[in-house]
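Asks: Have a look at the structure that comes next, please.
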Amino acid sequence: MAVTEASLLRQCPLLLPQNRSKTVYEGFISAQGRDFHLRIVLPEDLQLKNARLLCSWQLRTILSGYHRIVQQEVALKNRQELYALPPPPQFYSSLIEEIGTLGWDKLVYADTCFSTIKLKAEDASGREHLITLKLKAKYPAESPDYFVDFPVPFCASWTPQVNSPQSSLISIYSQFLAAIESLKAFWDVMDEIDEKTWVLEPEKPPRSATARRIALGNNVSINIEVDPRHPTMLPECFFLGADHVVKPLGIKLSRNIHLWDPENSVLQNLKDVLEIDFPARAILEKSDFTMDCGICYAYQLDGTIPDQVCDNSQCGQPFHQICLYEWLRGLLTSRQSFNIIFGECPYCSKPITLKMSGRKH
């Protein structure tokens with residue numbers, strides 16, 4: 001078939017095989033917002049070309065305009081299968097030679113066809129980095145695709161000529177090493193923050209992540225966005241928490257911004273400018289820093305954590321934006337002005353304001 005069984009299950013979870021040979025599929029598919037019953041009968045060779053589709057007239061009407069596209073895709077797939085020849089022996093011999101020159105200890109993974117390989121490198125601070133390369137049958141005449149976990153785009157130069165110094169794994173790997181070293185200062189900054197503060201988001205940051213949400217105290221945090229090209233400069237800062245706590249921090253930031261010294265670490269500068277010590281996860285108990293939403297009683301909700309806080313200094317209960325929105329929308333006493341909703345806190349019944357950012361809806 002034109003899709004694998006796994007991808008078919010993801011796209012059409014209600015369309016299932018009815019026999020061991022998987023020549024008959026039956027179930028439901030969604031089209032134009034409705035569910036339709038469908039039965040697919042395949043020939044023994046499992047090719048779509050001679051398959052039969054049994055469905056209602058409504059679904060047949062929807063599919064009627066797509067039969068030519070299906071025919072073209074089947075023809076293209078058959079043509080690709082006919083001409084998809086394995087790489088020549090020189091492909092493997094040159095590749096083995098290049099990996100040997102690099103060092104087999106750099107190879108982390110290779111599939112059975114050597115079409116996908118992963119190489120590792122260590123930076124000056126001992127961090128390990130990976131580059132995944134997808135090689136094509138015409139390699140090295142054709143550039144491979146490559147994937148890295150960097151906060152900035154990685155573009156390796158490649159000369160599409162056989163035996164060129166710029167058309168080899170060695171060339172890409174050396175450019176990979178240079179890019180790693182250029183980002184060393186950025187990763188040093190982020191590692192210090194991860195090690196010495198309580199990072200709320202992301203929980204397991206990839207090497208490409210430039211933002212951190214850091215706990216400052218009970219229901220108060222700061223979100224910073226570090227520039228990977230200039231990592232020791234003042235990052236973008238945004239405070240989250242009750243106004244009576246956040247406003248003084250904003251005033252300190254404005255008042256002390258002249259103290260920022262690029263020669264010092266970002267963490268030390270933040271301490272000096274905000275006149276605070278960051279609480280570390282190691283010295284805090286869960287009960288000392290309650291961040292669970294006061295409505296759904298969960299911390300994570302669809303990848304987000306509570307970012308709305310009651311301004312009442314006696315309350316300070318955090319909420320997910322979507323939870324607080326649903327709560328306030330259900331109150332008869334709530335009112336809305338443009339994207340701002342005014343209502344009462346679910347905990348202390350004091351006035352609470354929710355400014356909808358548009359991110360959750």
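Asks: Evaluate the following for LEU135: is it in contact with a Ser or Thr (Cβ under 6 Å, 6 or more places away or on another chain) and either open to solvent by less than 20 Å² (accessible area, probe 1.4 Å) or among the hydrophobic types (A, V, I, L, M, F, W, C) (or both)?
Replies: Spelling it out, LEU135 is indeed in contact with a Ser or Thr (Cβ under 6 Å, 6 or more places away or on another chain) and either open to solvent by less than 20 Å² (accessible area, probe 1.4 Å) or among the hydrophobic types (A, V, I, L, M, F, W, C) (or both).
Asks: Is there a residue in segment 121-132 that is over 27 Å from GLU192 (Cβ atoms) and either surrounded by fewer than 16 Cβ atoms within 10 Å (Cβ to Cβ) or modelled with pLDDT of 90 or more (or both)?
Replies: Yes, segment 121-132 has at least one match.
Asks: Residues in segment 200-213 that are of a type outside the set (D, E, K, R) and surrounded by 20 or more Cβ atoms within 10 Å (Cβ to Cβ): how many?
Replies: So the answer is 1.
Asks: Among the residues of segment 238-268, write down those that are assigned to a helix (DSSP H, G or I), in contact with an Asp or Glu (Cβ under 8 Å, 6 or more places away or on another chain) and either β-branched (Val, Ile, Thr) or under 22 Å from PRO151 (Cα atoms) (or both).
Replies: Passing the criteria: VAL266, LEU267.
Let's see how each residue does on (1) at pLDDT 90 or above; (2) under 27 Å from the mean Cα position of the chain (by Cα); (3) open to solvent by less than 20 Å² (accessible area, probe 1.4 Å); (4) not acidic (Asp, Glu):
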{"position": "ILE224", "(1), (2), (3), (4)": "yes, yes, yes, yes"}
{"position": "CYS237", "(1), (2), (3), (4)": "yes, yes, no, yes"}
{"position": "ILE251", "(1), (2), (3), (4)": "yes, no, no, yes"}
{"position": "ILE257", "(1), (2), (3), (4)": "yes, no, no, yes"}
{"position": "LYS271", "(1), (2), (3), (4)": "yes, no, no, yes"}
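Asks: Considering only segment 293-333, how many residues are assigned to a loop (DSSP other than H, G, I, E, B), touching a helix residue (DSSP H, G or I) at 6+ places or on another chain (Cβ under 7 Å) and open to solvent by 10 Å² or more (accessible area, probe 1.4 Å)?
Replies: Going through segment 293-333 one residue at a time, the tally reaches 5.
Asks: Report yes if THR210 is under 28 Å from PRO153 (Cα atoms) and more than 21 Å from the chain's Cα centre (by Cα), otherwise no.
Replies: No.
Asks: While we're here: Of all residues in segment 86-143 being in a strand (DSSP E or B) and hydroxyl-bearing (Ser, Thr, Tyr), which is nearest to SER157 (Cα to Cα)?
Replies: Checked segment 86-143; the qualifying residue nearest to SER157 (Cα to Cα) is THR132.
Asks: Only residues in segment 16-27 that are among the aromatic types (Phe, Trp, Tyr) count as the first member; pair them with residues that are surrounded by fewer than 16 Cβ atoms within 10 Å (Cβ to Cβ), Cβ under 8 angstrom, at least 6 apart or cross-chain, and list the lot.
Replies: TYR25/LEU16; TYR25/GLN18; TYR25/ARG39
Asks: Scan segment 74-84 and give yes if some residue there is more than 23 Å from SER21 (Cα to Cα), among the hydroxyl-bearing types (Ser, Thr, Tyr), at pLDDT below 60 and open to solvent by 40 Å² or more (accessible area, probe 1.4 Å), otherwise no.
Replies: Yes, some residue in segment 74-84 is more than 23 Å from SER21 (Cα to Cα), among the hydroxyl-bearing types (Ser, Thr, Tyr), at pLDDT below 60 and open to solvent by 40 Å² or more (accessible area, probe 1.4 Å).
Asks: Would you point out which residue out of ASP194, ASP243 is open to solvent by 10 Å² or more (accessible area, probe 1.4 Å), in contact with a Lys or Arg (Cβ under 8 Å, 6 or more places away or on another chain) and either at negative phi or not aliphatic (A, V, I, L, M) (or both)?
Replies: ASP194
Asks: What number of residues within segment 14-32 are open to solvent by 50 Å² or more (accessible area, probe 1.4 Å), part of a strand (DSSP E or B) and aliphatic (A, V, I, L, M)?
Replies: Adding up the residues that qualify gives 1.
Asks: Now for a different question. Given the condition free of Cβ contacts under 8 Å to residues at least 24 places away in the same chain and assigned to a helix (DSSP H, G or I), answer yes or no: does some residue in segment 216-237 qualify?
Replies: No; the residues of segment 216-237 include none that is free of Cβ contacts under 8 Å to residues at least 24 places away in the same chain and assigned to a helix (DSSP H, G or I).
Asks: Could you pull out the residue among TYR92, TYR109 that is open to solvent by less than 90 Å² (accessible area, probe 1.4 Å), of a type in the set (Ser, Thr, Tyr) and more than 29 Å from GLU192 (Cα to Cα)?
Replies: Only one candidate qualifies: TYR92.
Asks: Mind checking which pairs have a first residue in segment 178-207 that is within 11 Å of PRO151 (Cα to Cα) and a second that is assigned to a helix (DSSP H, G or I) and open to solvent by less than 40 Å² (accessible area, probe 1.4 Å), Cβ under 8 Å, 6 or more apart or different chains?
Replies: Once the first residue is within 11 Å of PRO151 (Cα to Cα) and sits in segment 178-207, its partners that are assigned to a helix (DSSP H, G or I) and open to solvent by less than 40 Å² (accessible area, probe 1.4 Å) give ARG207/TRP187.
Asks: State yes or no: is VAL220 within 15 Å of ILE305 (Cβ to Cβ) and open to solvent by less than 40 Å² (accessible area, probe 1.4 Å)?
Replies: Taking the combined requirement at face value, the residue satisfies it.
The values are calculated or read from the model by the stated rules, or taken from the named source; none is laboratory data. Small disclaimer: the values here were computed from a predicted structure and weren't measured. Positions of Cβ are backbone-derived with ideal geometry, glycine not excepted, and every protein chain shown enters the neighbour counts. Remember, those area values only see protein heavy atoms, side chains included, never the ligands or the DNA or RNA. Shrake-Rupley method; radii C 1.70, N 1.55, O 1.52, S 1.80 Å.
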